[in-house]
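Enquirer: Encoded as structure tokens, here's the structure I'll be asking about.
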Amino acid sequence: MIDADGIPTASVDALQVYDSALMALRAMFDHIDDQKAAADVLARACDDQGPAASLVATTALLALVPIIGDLARRHKAATGSEANVVDVIFGREG
């Protein structure tokens, strides 16, 4: 978002980027049972953000980190698993 002379060509509103990322994730979660469709929905929702698409996509992926960690901890608690959270996430609780 900087031209050849180093002058900003657009401003980025961090809250708008974050809100757009969350909306993209919500759209993805509507299709979570079909991984290909979910990925496609996420990519399209991010692409709709124009020049900020890569920033929105990166923010969306970073926003998934605490969600995945929370789900893994809940799974551990529900099953009584002794595995660490990373092993739960990758299905290596055995």
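The values are calculated or read from the model by the stated rules, or taken from the named source; none is laboratory data. Owing to the predicted nature of the structure, the values given are computational and were not obtained by experimental measurement. Heavy atoms of the whole protein, side chains included, go into the accessibility calculation; ligands, DNA and RNA do not. Shrake-Rupley method; radii C 1.70, N 1.55, O 1.52, S 1.80 Å.
Enquirer: Between 0 and 90 degrees, rounded to the nearest ten: what's the tilt of helix 35-47 against the longest Cα principal axis of the chain?
Expert: 30
Enquirer: Counting each DSSP H run of 4 or more residues in the chain as -39500 (n - 2.57), what helix-only mean residue ellipticity at 222 nm follows after dividing by all residues, to the nearest 500 deg cm²/dmol?
Expert: Values: 4 runs with 61 residues, N = 94.
About -21500 deg cm²/dmol.
Enquirer: Rounded to a whole number, what % of the accessible area of the chain do carbon and sulfur atoms account for, probe 1.4 Å?
Expert: Details: 3880 of 6700 Å².
In the chain, the share of accessible area belonging to carbon and sulfur is 58 percent.
Enquirer: Scattering from the C-alpha atoms of segment 54-94 alone, worked out with Debye: what is log10 I(q)/I(0) at q = 0.18, 0.27, 0.30 1/Å?
Expert: With no solvent term, the Cα-only Debye profile gives -0.52, -0.82, -0.93.
Enquirer: Per residue, how much space in cubic angstrom lies within the convex hull of the C-alpha atoms of the chain?
Expert: Values: hull volume 11.8 nm³, N = 94.
Dividing the Cα hull volume of the chain by its residue count gives 126 Å³.
Enquirer: Can you give me the accessible area per residue for the chain, using a 1.4 Å probe, in Å²?
Expert: Values: 6700 Å² over 94 residues.
Accessible area per residue, the chain: 71 Å².
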